[in-house]
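Scroll down for the structure; my scribbles are underneath it.
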Amino acid sequence: MARDGERGRDRDRKEVDSEFVDRLVHINRVAKVVKGGRRFGFAALVVVGDQKGRVGFGHGKAREVPEAIRKATDAAKRALIRVPLREGRTLHHDVYGRHGAGKVVLRAAPAGTGIIAGGPMRAVFETLGMADVVAKSQGSSNPYNMIRATFDALKREDSPRSVAARRNIKVSTLQSRRQGGDAEAAAEA
């Protein structure tokens, strides 16, 4: 029994030293009916991020809640993705994502807007380190589908640097075209 206590303290110390922030999004209690009655188990959905552009989510199942959360956190740390952020606070462009019946729309926002998003999406943005974003979920409100749809959208996010590299042009050329396009649109209006 003393060994479990030592492992618990050691785990807590690692979490303090770790650069990751984790957020518990959802816990689901499930029952298995057996001859003697019901056996309860728990499923946890956790989002982990370093608040500097890396984020991941994980799902863990166990007979006790803390063990399910630990499994989900480990799975999330193994599945981290990097998301390019503009000025370290918002998206470079608007993106759409979907998973199953869950659809999300993520929009870049000006400084000072804050995180305007519901439930599971808010946890993703906070652990990602995003400060300004407007998000809307449509369709399924199931937390698993919303998280997966949000990650689908974040994977579609491109930075100007990656777009310029793909097109074999300089970032400054790409940016000047963007400003030029805005000026032409304003002149036509």
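The values are calculated or read from the model by the stated rules, or taken from the named source; none is laboratory data. What you are looking at is a predicted structure, and each value in this text was computed from that prediction instead of being measured. Cβ: placed from backbone, ideal geometry, glycine included. Neighbour counts: every protein chain shown. To get the accessible areas, we keep the full protein, side chains included, count just its heavy atoms, and leave off ligands, DNA and RNA. Shrake-Rupley method; radii C 1.70, N 1.55, O 1.52, S 1.80 Å.
Computed values, structure above
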read-out	value
Any hit, segment 83-96, residues being among the basic types (Lys, Arg) and not in a helix (DSSP H, G or I)	yes
Single condition Asp152 does not satisfy, out of (1) open to solvent by 60 Å² or more (accessible area, probe 1.4 Å); (2) in a helix (DSSP H, G or I)	(1)
Residue count for segment 99-125, restricted to those that are closer than 22 Å to Lys52 by Cβ and open to solvent by less than 60 Å² (accessible area, probe 1.4 Å)	12
Tally of residues being over 12 Å from the mean Cα position of the chain (by Cα) and touching a residue at least 24 places away in the same chain (Cβ under 8 Å) across segment 146-164	7
Every residue from segment 137-147 that is open to solvent by 30 Å² or more (accessible area, probe 1.4 Å) and either assigned to a loop (DSSP other than H, G, I, E, B) or at pLDDT 95 or above (or both)	Ser141, Asn142
Those residues of segment 106-136 which are of a type in the set (D, E, K, R) and assigned to a helix (DSSP H, G or I), in sequence order	Arg122, Glu126
Count of segment 57-115 residues which are within 18 Å of Ile147 (Cβ to Cβ) and either aliphatic (A, V, I, L, M) or in contact with a strand residue (DSSP E or B) (Cβ under 6 Å, 6 or more places away or on another chain) (or both)	29
